[in-house]
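The values are calculated or read from the model by the stated rules, or taken from the named source; none is laboratory data. Not measured: the values here are computed from a predicted model. Heads up, the Cβs are rebuilt from the backbone with ideal geometry, glycines too, and the neighbour counts pull from every protein chain shown. Only protein heavy atoms, including side chains, enter the accessible area calculation; ligands, DNA and RNA are left aside. Shrake-Rupley method; radii C 1.70, N 1.55, O 1.52, S 1.80 Å.
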Amino acid sequence: MKKHITIACLYTLITAIVLGLVYPLVITGLARLAFRDKAKGELIVLNGEVVGSRLIGQPFTGPGYFHSRPSAAGTGYDASSSSGSNLAPTNKALIDRVNNSVSTESNGMPVPVDLVTASGSGLDPDISPAAAFYQVPRVSRERALPEATLRQLVTSSIKPRQFGLLGEPTVNVLSLNIALNQIK
């Protein structure tokens, strides 16, 4: 019986070391070699300073910037509280938040849904091309830039479907706003 307990304890210890330490370290090392920027969270560095990640949204509230989707993660874009709101479509708090977002974003045209609703994780860094084009008149007015210039910037920022068929075309808001800052 003692021999069986010793073997079970040793097997548990060896398995914990191999699968809990060695395997994760090897996979992390391989990922850093093969996918250098992706393994570190796809951080965007500007002038030697990390300004954000291509994978996690962040708020842009100034009228001269393209706005992200609303966030339901904690106090807003909090990666440690990633989740949707879990509010039903008939929930008054959700209806009030969406109505408030619509009144804030409205320019007389129907507001694209991704500008007024949070994503499932609450951290979505992307918006639809329609949502980006919808914001062009406001950004143009605030920055005194021609709408045609901004439309070209949005068009060049559109990321197509993966492999030409998976998902929808998207625009990364952080990358778009960085490109916007470089115009003027």
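Annotation: amide H-H contacts under 5 Å for Ile44 (H modelled 1.01 Å from N, sequence separation of 5 or more, or interchain): Val51, Gly52, Ser53, Arg54.
Taking the longest Cα principal axis of the chain as reference, the axis of helix 92-105 is set at about 50 degrees.
Normalised per residue, the accessible area of the chain is 64 Å², obtained with a 1.4 Å probe and no contribution from ligands, DNA or RNA. Of the options (1) 116; (2) 203; (3) 129, only one is volume of the Cα convex hull per residue in Å³ as computed from these coordinates, and that is (2).
Taking chymotrypsin sites (Phe, Trp or Tyr not before Pro) across the stretch 79-184, the ones in a DSSP loop with at most 11 further Cβ atoms lying within 10 angstrom of their Cβ are Phe163. I'd like the carbon and sulfur percentage of the solvent accessible area for the chain, probe radius 1.4 Å, heavy atoms only, ligands and nucleic acids excluded. Using a 1.4 Å probe with all protein chains present, the chain comes out at 63 percent carbon and sulfur.
For the stretch 11-53, applying the loop criterion from DSSP together with a ceiling of 11 other beta carbons within 10 Å to the trypsin sites (Lys or Arg not before Pro) yields Arg36.
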